[in-house]
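Got a structure for you, written out below as structure tokens; questions coming shortly.
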Amino acid sequence: DRILLTVEGKAALEDELRTLKNVDRPHVIEAIAEARSHGDLSENADYAAAKEKQAFIEGRIQDIGDKLARAEVIDVKSVKSDKVVFGATVKLENEDGENVIYQIVGEPEANIEKRKISLISPIAKALLGKEVGDEIQSATGLDATGLGRGVSQCRVVARCADPRGSEPDRSAGPGIRF
């Protein structure tokens with residue numbers, strides 16, 4: 001199965017992979033060697049912790065390598081559509097007039113704290129194919145903007161040119177282009 005990533009998402013995974021291989025892996029190998037030098041490994045907590053960390057690092061290296069091998073990278077700057085599509089950054093407004101901005105990204109790069117939501121999330125699924133002015137309903141306990149409980153409806157206010165969502169791109173007029 002292919003994995004959709006933005007250019008930025010692919011770069012972030014490649015950076016993490018480089019760090020894991022060139023910094024974290026050598027560091028944990030040193031920690032294992034140091035712990036071994038303390039003698040009996042059966043009751044050596046430092047050794048057990050280092051081996052556990054090594055297993056995590058190797059697993060993460062394998063996971064990232066697999067995702068990169070299956071990645072289909074989409075340059076969101078080249079996507080021109082009046083509809084909400086993969087990579088789009090959208091500004092939503094709930095019924096109380098509260099706003100939030102999300103970018104729809106691939107699952108490996110999703111991070112709600114950075115307002116990057118996975119393509120397979122309920123909110124993203126509801127947004128795909130919508131245009132500015134359309135309303136959506138979310139199947140979550142939070143409203144679609146994540147700003148309140150019990151309200152599950154919101155309206156697409158704008159598509160933003162900047163993935164950080166700072167300024168809507170109004171170059172295409174009311175049907176905002178990404």
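Taking the Cα atoms of region 42-133, report the difference between the largest and smallest coordinate on each principal axis, in whole Å and largest first.
64, 34, 19
Then there's this: For every other residue with a beta carbon closer than 13 angstrom to the beta carbon of residue 67, add +1 if it is Lys or Arg and -1 if Asp or Glu, then tell me the sum.
Here the count lands on -4.
Given 67/130; 10/114; 21/125; 53/125; 67/125; 67/91, which pairs have Cα atoms separated by over 25 Å?
The answer is 67/130; 21/125; 53/125; 67/91.
Read the figures in this text as sums done on the coordinates, not as results from a lab. Since the model is a prediction, treat every value here as computed from it, not as a measurement. All Cβ positions, even for glycine, are placed from backbone atoms using ideal geometry, and neighbour counts span all protein chains on display.
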